[in-house]
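Take a look at the structure set out below.
The values are calculated or read from the model by the stated rules, or taken from the named source; none is laboratory data. Treat the numbers as computed from the prediction; the structure is a model and nothing was measured. Cβ placement follows ideal geometry from the backbone for every residue including glycine, while neighbour counts extend to all protein chains displayed. For the accessible areas, the whole protein counts, side chains as well, though only heavy atoms, and no ligand, DNA or RNA atoms are used. Shrake-Rupley method; radii C 1.70, N 1.55, O 1.52, S 1.80 Å.
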Amino acid sequence: MTELFREVDNCVTAPQGFRAGTVACGIKSDASSKDLAILASYVPCVTAGTFTTSGTAAAPVLLCQERLKDGRTQAIIVNSGNANCATGDPGLLNAYCMTEFVATHLHLENELVLCSSTGIIGRQLPIEKIAAGVKQIELSREQGNAFSEAIMTTDTHPKRIALEFELEGRTVRLGGCTKGAGMIYPNMATMLCYLTTDAVLEHEWMQNELRAAVADTFNMISVDGDMSTNDTCLLFANGLAGNTPLNALHPEAETFRKALRHVMEYLAIEMARDGEGATKLMTVLVRGALNKADAVKAARAITLSPIWQCALAGGDPNWGRIVAALGASGCALQADRYDIFIGDVQVTRQGIGTEYEQEQARAAMAGSEVTITIDLHLGEGQATAWGCDLTHGYIDENTLYTR
């Protein structure tokens, strides 16, 4: 954290003008668990978004993509416990009904309301329960953290953060929360992520900035290599801070860009750390690649290797598994040039195993965070990816999943 940014509480309701509310309406098997949440602004927001590239995208994704065409929204309703995916026309109708319930409850234009769903695929939403639940929700600025908890499914803890900083001498805030612990291999954004700010942003610029930040954060994490059908990342800007609209030419645009990257990287890392059954966070640093695209290929290949994830779980510094994943990644490399480090322990030099202390390598694998560094010695390309170990807990979670 630089001196530019100060952490504040309430994540998505930290920026002025945003409020949230939650309720347990009986979607999840545990009837006492909060499973329905609303996030809204007092005024319409300029809104940008990225979504799953899955060919089986869920109904809420289709609704959001349609309503974001003019880049203007004011609220979103999110349910957990049911993905509303592979539900056909009834599922799409239910997604639109969810937004109508909120529009009526908050006296908003229906077209300004979005929706998201997360949970089990293939079940129709209990729309009557949602209708009743919406009527019970009371919104307040103090409910941002509760919102971040109500959207969870297999997550073991909420992922949330908010920053306060200055633009043109004005106090501005940016908050965010996300959920995701399994089916994490995004190619857009990841799972469900909501970002809010009271800054004034020009739509085209914020869409470009969101997409670029997604590429370096959410698109660089993996738990299991499976893309979700519901991946959604949204940035709402209500402009109540009153600054001059930010765009590429604004002299303080870089300040907001850094804040956005900080928030999104933090949330991405927390998702990788909280992977289903995970006990270790894996960070893979690749440098010296021919270009950035190759660095991305190499870094992601390591986080995607099940055999290396298993070695990580067992604390086994079997670097041959890293070599195998690197060679299969498709990045340009020369077999007699790359170096690999596990923590501070160099295990290969110029493509050949080094003489190192096995106990030191095991010690580097023993902690809750393990860093792998690869230098390809080919160019200036670099990238960072995050993942986790693969344990029996992942199997348990995905054979007993009823939430």
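In segment 342-366, which residues are open to solvent by 30 Å² or more (accessible area, probe 1.4 Å), under 30 Å from GLU270 (Cβ atoms) and out of contact with any strand residue (DSSP E or B) (no Cβ under 8 Å at 6 or more places or on another chain)?
Residues satisfying the conditions are ASP344, ARG362, ALA363, ALA366.
So which pairs qualify, if the first residue must be in segment 206-220 and among the hydroxyl-bearing types (Ser, Thr, Tyr), the second must be surrounded by fewer than 24 Cβ atoms within 10 Å (Cβ to Cβ) and in a helix (DSSP H, G or I), the Cβ gap must be under 9 Å, and the two must be at least 6 apart or on different chains?
Filtered contacts from segment 206-220: THR217/ARG261; THR217/GLU265; THR217/TYR266; THR217/ILE269.
Residues to consider are GLU276, GLU270; find the one that is open to solvent by less than 30 Å² (accessible area, probe 1.4 Å), touching a Gly at 6+ places or on another chain (Cβ under 6 Å) and among the acidic types (Asp, Glu).
Going through GLU276, GLU270 in turn, just one is open to solvent by less than 30 Å² (accessible area, probe 1.4 Å), touching a Gly at 6+ places or on another chain (Cβ under 6 Å) and among the acidic types (Asp, Glu): GLU276.
Looking only at segment 72-124, count every residue that is of a type in the set (Ser, Thr, Tyr) and touching a Pro at 6+ places or on another chain (Cβ under 6 Å) and tell me the total.
Total meeting the criteria: 2.
Taking the options LEU235, LEU240, name whichever one is in contact (Cβ under 8 Å) with a residue 12 or more places away in the chain and open to solvent by 10 Å² or more (accessible area, probe 1.4 Å).
Matching residue, one of LEU235, LEU240: LEU240.
Within segment 279-326, how many residues turn out to be of a type outside the set (Lys, Arg), open to solvent by less than 30 Å² (accessible area, probe 1.4 Å) and over 23 Å from HIS377 (Cβ atoms)?
Total meeting the criteria: 5.
Has segment 154-165 got at least one residue that is touching a Ser or Thr at 6+ places or on another chain (Cβ under 9 Å), of a type in the set (Asp, Glu), on the phi < 0 side of the Ramachandran plot and in a helix (DSSP H, G or I)?
No, segment 154-165 has no match at all.
Is it true that SER329 is within 30 Å of the chain's Cα centre (by Cα) and open to solvent by less than 50 Å² (accessible area, probe 1.4 Å)?
Judged against the criteria, SER329 is a match.
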